[in-house]
1. Bins of 5 Å, beginning at zero and ending with the bin holding the largest distance: percent of Cα pairs per bin for the stretch 189-277, please.
2. Per residue, how much accessible area does the stretch 74-150 show when a 1.4 Å probe rolls over the protein heavy atoms, in square angstrom?
3. Karplus couplings for the stretch 123-134 from phi (6.51 cos²θ - 1.76 cosθ + 1.60, θ = phi - 60°), rounded to Hz, Gly and Pro as x?
4. Quick one: order Phe126, Phe34 from most to least accessible surface, probe 1.4 Å.
5. Looking only at the stretch 168-182, which residues have a backbone nitrogen under 13 Å from a spot 7 Å from the Cα of Lys30 in the C-beta direction?
6. So between Leu44 and Glu64, what do we pick up on full extension, going 0.36 nm a residue minus the alpha carbon distance?
7. Across 5 Å bins from the origin, how do the percents of Cα pairs in the stretch 68-168 run, short distances first?
8. From the backbone phi of the stretch 259-265, what are the Karplus-calculated ³J(HN,Hα) couplings (6.51 cos²θ - 1.76 cosθ + 1.60, θ = phi - 60°) in whole Hz, Gly and Pro given as x?
Amino acid sequence: MIGYWIEAMRLRTLPVSVAGVVTALAYNLKFGNFNAVPWVICLLFAVMAQVASNFANEYFDYKEGRDKPGREGPRRGVTEGEISPGAMKRAVYITLGLACCLGLSLVGWGGWWLLAVGAFVAVGVFAYSAGPFPLSTNGLGEVAVVFFFGIVPVNMTYYVETLSWNWEVALGSLAMGLMGANVLIVNNYRDVEDDRAVGKRTLAVKWGRGTVRWLYLGNAAVAAGCLLPASVWVASVYLAAAAVIWRELGRREGRALTPLLGASAVAMLGVSGLLIL
């Protein structure tokens, strides 16, 4: 039973939420502003929010018939009958509630206006998979990732510690967002046939595998460009890694693509670690 819940968390994708907060740490260190307590809270908030989003995605995809047994991607516990829909729904609210409690504690560092940011993130958890216009099924999943896994966590973590904004940090946040979008591109590239069969209109379904594969490389190039003010060598290392993954995208099919999803997430987290160095 525990294994089913761990699989539902989609551990391969969690480096995406960690990377943005770690990137903010790199910029905080560079500009001489670092406070460990709010940074740790931001990290826990980011991870809990992503777990809530992953749970919500599984629940609402099942509820709306957008999943089916035997899909190419990782097993979905609710669809396979291993986790009850009710239990998954409760897990969504519990994890999101914990994330909100963590977010509330940041008000003391960044001000009451952070409540609006927290509400925006909470709405995003549901808007990705639920509502009258789910972002994930209408080709806007990648755009959502750029905001919620790049622009928001990097800029807001930096702000909570400095109470200021920085153009170089803003560029770094866009880089992280584009890297996160590439993780989703690999996921949807792999699942394109399953998604098409259930009417899930991701970018890969709408544009085709060939186009989104080139989008992956384009995102990587822009992300590397955004990192140049921080570190030329880190930007170069990421672009080289992304090029290898891009090449493999054209060579693999089905479940063989899953390791590339993990590789894309690890590359994103690796960049944040290299920026600290």
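1. Once binned at 5 Å, the Cα pair distances of the stretch 189-277 give 3, 14, 22, 22, 17, 11, 8, 3, 1, 0.
2. So the stretch 74-150 comes to 46 Å² accessible per residue, rounded to a whole number.
3. Computed from phi, the couplings for the stretch 123-134 are 4, x, 4, 8, 5, 5, 10, 10, x, x, 9, x Hz.
4. Largest to smallest exposure gives the sequence Phe34, Phe126.
5. Correct set: 168-176.
6. Working: separation 20, 0.36 × 20 = 7.20 nm, distance 2.99 nm.
Going from the current span to full extension adds 4.2 nm.
7. With 5 Å bins starting at 0, P(r) equals 2, 10, 16, 18, 19, 14, 9, 6, 4, 1.
8. x, 6, 5, x, 5, 5, 5
The values are calculated or read from the model by the stated rules, or taken from the named source; none is laboratory data. Source: prediction; values computed, not measured. Because the Cβ atoms are built from the backbone with ideal geometry, glycine has one as well, and the counts that use them run over all protein chains shown. What goes into the accessible areas is simple: the full protein's heavy atoms, side chains included, and nothing from ligands, DNA or RNA. Shrake-Rupley method; radii C 1.70, N 1.55, O 1.52, S 1.80 Å.
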